[in-house]
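The values are calculated or read from the model by the stated rules, or taken from the named source; none is laboratory data. Computed from a predicted structure; not experimentally measured. When we count neighbours, we look across all protein chains shown, and the Cβ atoms used for this are built from the backbone with ideal geometry, even at glycine. Please note that ligands, DNA and RNA were not included when accessible areas were found on the heavy atoms of the full protein model with its side chains. Shrake-Rupley method; radii C 1.70, N 1.55, O 1.52, S 1.80 Å.
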Amino acid sequence: MPLISFTDKGLYCEAGQFYIDPWQPVDKAVITHAHSDHARAGSQAYLCHHDTLPLLQLRLGPNHYQPVAWNEKITMNEVTVSLHPAGHIIGSSQVRVEYKGEVWVVSGDYKTEADGISGIFEPIPCHTFISESTFGLPIYNWKPQDELFQEIQNWIRNNQVAGKTSVLIGYSLGKAQRLLKALGEVTGTIYAHGAIWNVHETLLQAGWKLPAIQRVTPEIPKESYRGHVVLAPPSADGSLWMRRFPSASTGICSGWMQVRGHQRRRNADAGFALSDHADWNGLLQSVKATGAQKVYITHGFQSAFSRYLIEIGISAAEVKTEFGEEEEGAPADPLKGDEEGNSPPPPPAGGEDEFAPL
Amino acid sequence: MPERTPNISLEDTNTPLEAGAMVGGMASFAQLLFRLGTSTKTNEKLEALSGYFAHANEKDKVWVIALFSGRRPRRAVSGTQLAVWCTELIGLPMWLFQECYHTVGDLSETIALLIPEKSASTHSTEGAHTIGQPLHYYVEKFQQLEKAPEAEKKLFILQSWLELSSRDRFVFNKLLSGTFRVGVSQKLMVNALARTVQLEPNTIAHRISGNWDPASTTFTELLSEQLTQTDHSKPYPFYLAYALEDALPELGEPADWQAEWKWDGIRGQIIKRNDQLFVWSRGEDLITEKFPEFSILQNKLPNGTVIDGEILPYHDGQVLNFNVLQTRIGRKNITKKHLQEAPVGLFAYDLLELNGEDIRHLALRERRAALEELVLSLQLPFIQLSPVVSFTDWDELTTIREQSRNINSEGLMLKRRSSAYQVGRRRGDWWKWKIDPLTIDAVMVYAQKGAGRRSNLYTDYTFAVKDGDKLVPFTKAYSGLTDKEFAQVDAFVKRNSLEKFGPVRTVKPELVFEIAFEGIAASNRHKSGVALRFPRISRWRTDKTPEDINTLDDLKKMLQLYGK
């Protein structure tokens, strides 16, 4: 029996009697982060990082939660469990599982670049590494955050000169908080959609020092938005809610914006390939840095990425999980509150295609 | 709007540059394309283009006019060569490149994304150097390289890849591989030019038409009257019609209108000037050599004659199925066999120049009279007047239109008898009134990922009809669904794919679609025995199951009825 097995309820550690990010209700769930495809309702008990706790409470309501710090060792039936920063969003963690000298690490979602608020990803040495591969193709290599922020700021400045409202689309948990500081440098007021405002309030109450935002409400005169920045989640894109902004220019922040076709499909005025996932080089370096003898790849371009790992001499295999995409096509997400019924386009599936002549 | 100077001038005007744009170099051209590509508003596109024309260097402007009017440079290297060199440069296996290519849906972009980007700091420290070479430098270099040894091509391309930014590299690849397209109408470009030079859009449209070499023509020359006078081959911009929008009675008196059949062939202009004959297609390709039949006109037509007409497969007084012409379109050399098997005729629509005089401003009835006189005097069986369809009231015309398909016509054209021959696509005086397409219900059996804005989505489908208990694929169709429907079908394909053949998935035959098409012809290249003209999805029949689809016999019946 492997230390962690792939069951129809999710990743299961039998020796420790717990699941990691299960997609069905279980007795004990270890949660990597608060995105809806990783943190699902219905389990008896949840273990998560301190910073994830308020987000889980917001999303799943009262429950039996056990918050822990990074590197804090918890023992469950002789299995030692600890969480380590994953750099994906606030509170996001990798899960290290050790039993009788054998170490497995479940990455959850992660990115290798430090974004200033999500903790700094650190590769954890292990025997077996289970890694995501959302952007596991070499066409996905991100520009440094500073450069992308500058592009976004230039875009906002140009909109200001043209008397436009800059509407920036990004996920209510993660992208929205990550952008705030850079936005504050170029705009007086940052307006935000209710879903983002909810997360923001929760984080403020938890003691996070974030730049102030103002919730978009029907009472605000439309003209006050002009020249300012509005933050909105993907589900608001193209909805009636968006029509209130005078001369809106829409910019989407998502790793998928790396490819022109995707950007054109979304009909945005601008696309910024700003992602909370590791890019191709980030994934490769992380996998190598763990020193793992065996790597399981899931979620994204798992077929291509695992095949490549095998070719460079790393024992890899793909696994099917039900982690979807908070980033693109998550089903109705309670975090998004009042934006039901307007689901964004589905995410690209894994690129399992064989190759064909050009 | 930029201010207009009082004198006729080809000088730049002073439009402020947008922040971040670099003057000159490939970057400003790439920036232009980016703005055109992301803007959904015509006015913004116009601004972007006129802003570019106001600041770009003279040679680049000429190339932009050439590129935007379909004068693409020929490809200097093959897609496979580019793919191989790219994988060598970045040290990745070819299968992974292919994987990326199928996800991106565009070779040029795949390469642009795979080559590592120079960091921002390198850009700024190198200063002026990073502005790079201008557009014309690259395009003209491609022309020189076309016949150069492979090693020389490779060296230049690899160096350029590493020097250029990702966005510029994408444009570079598009130009290099002969796949450059731009979603901007020629009309818009002409209007943008009209803002920077003191000329009427119609005049500009005419001057930039025809046969000129972007490498050796200057901007001033191109837009001057002189070149128009010395280039005897120069065609007039075609007048194109929109589809009829209102009910017929809205058009007014039937007597004010001339009705003709709408023919499905190659729209062209036949020009005789200075003892030379030129045949132009609507896409402004010179196709004189492709139709040796017309060479006799070199002696027969008087100098200073320009006829607008349709080149059709034609034999013994009958217009044939367009499919007949397919066999010789695209051939480099036309053989005797082609001439026999795919004979052509010209159906003359209009006369644009008579005795060296531009008569486009005359009323259609006057031009038609002159055209009739000319064509009848030729006495050539393969040069026909496009017949005028006589009718007394709109109801009668509606009945006549029903017969279109029987004579291999695709409907009717309505032209106001008092209309001048205008420039480009216009509403008001000319309308096309096409017959409804043929349709057939079919089930989707294969799917493949699309390109462009459909990258990484399964949007290209193959459809089948029933033949007993077998399914026979008979056509592909790529268009006709909304983005939302494409997303749903994409999700279906991902859940229900059976096998993979390269990038193609076989799909559980479950989804039924109505396929619309303009014509049908026998084909021995297709398993089904038929080839469709302009197939597309007309709607998703969620109310039907694969049991309800049409059969191969239904297709064959259509072939008998309409495939001649």
| query | Modelled label-to-label distance, B:Glu200 and A:Met1, 7 Å Cα→beta-carbon offset: nm? | reply | 8.9
| Mind listing P(r) for region B:438-562? All alpha-carbon pairs, 5 Å bins, whole percents. | 2, 11, 22, 25, 20, 12, 5, 1
| query | By how many nm would the segment from B:Asp554 to B:Glu372 lengthen if fully extended, with 0.36 nm per residue of separation less the alpha-carbon distance? | reply | 61.3 nm
| said: Quick check: from the Cα gyration tensor, does region B:132-173 come out rounded (a/c under 1.5), prolate or oblate? | reply: oblate
| task | Please work out the ratio of the alpha-carbon Rg of region B:137-274 to 2.2 N^0.38 Å and round it to two decimals. | result | 1.50
| task | List the residues whose amide H sits under 5 Å from the amide H of B:Ser538, counting only those 5 or more places along or on another chain, with H placed 1.01 Å from N in the peptide plane. | result | B:Glu514, B:Ile515, B:Ala516
| query | Under a 5 Å amide H to amide H cut-off, with H placed in plane at 1.01 Å, what residues pair with A:His49 once short-range neighbours are removed? | reply | A:Val68
| query | Gaussian network model of chain A, Cα springs within a sub-10 Å range: biggest mean-square fluctuation belongs to which of A:Lys294, A:Lys73, A:Lys209? | reply | A:Lys209
| Label-to-label distance, nm, for residues given as B:Ser390 and A:Arg244 (7 Å Cα→Cβ offset) | 6.8
| remark: Placing +1 on each Lys and Arg Cβ and -1 on each Asp and Glu Cβ in region B:445-534, then taking the dipole about the Cα centre, the residue among B:Ala477, B:Leu532, B:Leu498 whose Cα reaches farthest towards the positive end is B:Leu498
| field | chain B: calculated mean residue ellipticity at 222 nm from DSSP helix runs of at least 4, using -39500 (n - 2.57) | value | -10500 deg cm²/dmol
| Within the set B:Lys187/B:Lys484; B:Lys337/B:Lys556; A:Lys143/B:Lys154; B:Lys476/B:Lys527, which residue pairs have Cα atoms separated by over 20 Å? | B:Lys187/B:Lys484; B:Lys337/B:Lys556; A:Lys143/B:Lys154
| said: Once the cut-off is 22 Å, how many percent of the Cα-Cα pairs in region A:145-272 end up in the long-distance tail? | reply: 30
| task | State the extension gain, in nm to one decimal, for the chain segment bounded by B:Thr42 and B:Lys337, taking 0.36 nm per residue of separation less the distance between their alpha-carbons. | result | 101.4 nm
| query | Any idea how far apart B:Asn211 and B:Arg282 come out in nm if each label point goes 7 Å out from Cα toward Cβ? | reply | 2.3
| remark: Expressed as a whole number, the average count of other chain Cβ atoms within 10 Å around the Cβ atoms of B:51-62 is 0
| field | Calculated FRET value between B:Thr218 and B:Val84, using beta carbons and R₀ = 45 Å, to 0.05 | value | 0.75
| chymotrypsin sites (Phe, Trp or Tyr not before Pro) lying in DSSP loop within region A:130-213, provided at most 14 other Cβ fall within 10 Å | A:Trp208
| In region B:235-249, which residues have a backbone nitrogen under 19 Å from the label point lying 7 Å from B:Ser418's Cα in the Cα-to-Cβ direction? | B:249
| Extension gain A:Ser224-A:Ala114, at 0.36 nm per residue separation less the Cα-Cα distance, in nm? | 36.2 nm
| Amide H within-cut-off set for B:Gly411, under 5 Å, with H built and near neighbours excluded | B:Lys262, B:Ile435
| 12 Å Cα-Cα reach of B:Lys544 towards aspartates and glutamates, excluding residues that sit fewer than 8 places from it in its own chain | B:Asp441, B:Glu510, B:Glu514
| field | Net charge contributed by nearby residues that have their C-beta within less than 14 Å of B:Gly268 (K/R +1, D/E -1) | value | -4
| said: Using a loss threshold of 20 Å², tell me which positions in region B:438-478 are less accessible in the complex than in their chain alone. Probe radius 1.4 Å, ligands and nucleic acids ignored. | reply: B:Lys449, B:Gly452, B:Arg453, B:Ser455, B:Asn456, B:Leu457
| said: What translational diffusion coefficient, to the nearest whole µm²/s, does region B:239-434 have by Stokes-Einstein, given a Kirkwood radius computed over alpha-carbon pairs, a temperature of 4 °C and 1.567 mPa s viscosity? | reply: 74
| message | I'd like the distance between the alpha-carbon centres of region B:277-342 and region B:376-437, rounded to an integer number of Å. | response | 21
| Which ³J(HN,Hα) values in Hz, rounded to whole numbers, follow from the phi angles of region A:32-38 under the Karplus curve 6.51 cos²θ - 1.76 cosθ + 1.60, where θ = phi - 60° and Gly and Pro get x? | 6, 7, 8, 5, 5, 7, 10
| Highest-first arrangement of B:332-339, B:250-257, where packing means the average Cβ count within 10 Å | B:250-257, B:332-339
| request: Might you tell me the accessible area per residue for chain B, computed with a 1.4 Å probe and given in Å²? | output: 46
| message | Which of rounded, prolate or oblate describes chain B when judged by the alpha-carbon gyration tensor and an a/c cut-off of 1.5? | response | oblate
| task | Calculate the dipole size of region A:53-104 relative to its Cα centre from +1 charges on Lys and Arg beta carbons and -1 charges on Asp and Glu beta carbons; express the result in debye to the nearest 20. | result | 140
| Rg to Rh ratio, chain A, alpha-carbon atoms and Kirkwood radius? | 0.97
| message | If I take R0 = 25 Å and measure r between the Cβ atoms of B:Glu402 and B:Asp483 in this structure, what FRET efficiency does the formula 1/(1 + (r/R0)^6) give, to the nearest 0.05? | response | 0.10
| DSSP beta bridges in the protein assembly as shown, what fraction antiparallel, as a percent rounded to 5? | 65
| said: Can you classify region B:460-518 as rounded, prolate or oblate using the Cα gyration tensor, where a ≥ b ≥ c are the square roots of its eigenvalues, rounded means a/c under 1.5, and otherwise it's prolate if a/b beats b/c and oblate if not? | reply: oblate
| task | Name the residue farthest towards the positive end of the dipole of chain B from the options B:Ala48, B:Ser523, B:Phe170, assuming +1 on Cβ of Lys and Arg, -1 on Cβ of Asp and Glu, about the Cα centre. | result | B:Ser523
